[in-house]
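Worksheet for the structure shown next.
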């Protein structure tokens, strides 16, 4: 008996050590794996339709991954080309404007006359040279820009690698998702109905969050495009789409569109329009996310909108863009676990065939 107990203790210690080593190995891939899980849940209905149409498991999974790549790359290429064209057109307009006013330095000096005057700089002072001031700013900014570009290059390589890991994981989740789920059921010492309940909570929360992401992107993109249209700025539809897509990225969002627009209006001496753009950006476009996403998610998940609000903010702060899905999903599963502990026979919600997770 004593030998058996020592053997069990040794096996337990070795198992914990092995689990720690495995966690250390897979830790760099946790976020792309979670992204793959979210994509597998979202695209599982499409995968199921492909299987019903006679696609084999390998072909159906590969088709799903390729479809996701095309849905990502094609809009990116289109938007990049459109943005490059619009920026080139804007540069041409500014060049014509500056040449008509005596060159870049004279034109910018005239534009900055009032703003610089408010901080005590007299542009008519013979000792003042805008070129010298701008060159000084450029020297300071160039060093920072070099560091930023180096960081972006490193981050780009990391993003590409993590994207590959996510797509590679997604392929096997789509292909073997049902078997993985059944294997998890066998490993966990819980009733099948309880595991189904937890799977359903995760699946339902991920889908609800995607509804929230799309709703916020549509509203913020639409508001940005409408603001561009009302203020007479070029390409309102294009910039509205860009703002909607950027709204899906935490810590970036629509300000990457409306802040430069407000600066451009102010530089063009359209101070009233610049103030309107800044006010709409801060008071309407920016706050839309705080109301729409919790409302949409709480409509699909049985949690209070305030809890969803904190789960979204905390998740995004802790995990970045994937925190939008991780935060509410963790909260929803925790609430379900609490119900399972307090109620010996909670109602079990069975997912439909179309919405069943991978």
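The values are calculated or read from the model by the stated rules, or taken from the named source; none is laboratory data. The structure displayed is predicted, hence computed values, not measured ones. Using ideal geometry, Cβ is built from the backbone for each residue, glycine included, and neighbour counts are taken over all protein chains shown.
When the test is whether a residue is modelled with pLDDT of 80 or more, in the same structural domain as residue 220 (by TED's automatic domain parsing), surrounded by fewer than 21 Cβ atoms within 10 Å (Cβ to Cβ) and assigned to a helix (DSSP H, G or I), residue 264 does not pass it. Would you check if residue 179 is in a helix (DSSP H, G or I) and touching a helix residue (DSSP H, G or I) at 6+ places or on another chain (Cβ under 8 Å)? The answer is no for residue 179.
Within region 51-68, work out how many residues are exposed (fewer than 14 other Cβ atoms within 10 Å of the Cβ) and in a loop (DSSP other than H, G, I, E, B).
3
Can you confirm whether residue 221 is at pLDDT 85 or above, closer than 30 Å to residue 332 by Cβ and assigned to a helix (DSSP H, G or I)? Judged against the criteria, residue 221 is a match.
If I ask for residues that are within 20 Å of residue 275 (Cβ to Cβ) and touching a helix residue (DSSP H, G or I) at 6+ places or on another chain (Cβ under 7 Å), which ones from region 227-255 would you list? Full working, then the answer.
Going residue by residue through region 227-255, those that are within 20 Å of residue 275 (Cβ to Cβ) are 227-234, 236, 239, 243, 254-255.
Across region 227-255, the qualifying residues are 227, 228, 229, 231, 233, 234, 236, 239, 243, 254, 255.
Does at least one position in region 170-179 carry a residue that is crowded, with 18+ Cβ neighbours inside 10 Å, under 23 Å from the mean Cα position of the chain (by Cα), under 25 Å from residue 49 (Cα atoms) and not assigned by TED's automatic domain parsing to the domain that holds residue 69? No: region 170-179 contains no residue that is crowded, with 18+ Cβ neighbours inside 10 Å, under 23 Å from the mean Cα position of the chain (by Cα), under 25 Å from residue 49 (Cα atoms) and not assigned by TED's automatic domain parsing to the domain that holds residue 69. Selection of region 234-254 for residues being without any contact (Cβ under 8 Å) to a residue 60 or more places away in the chain, in a loop (DSSP other than H, G, I, E, B) and farther than 17 Å from residue 322 by Cβ yields only 254.
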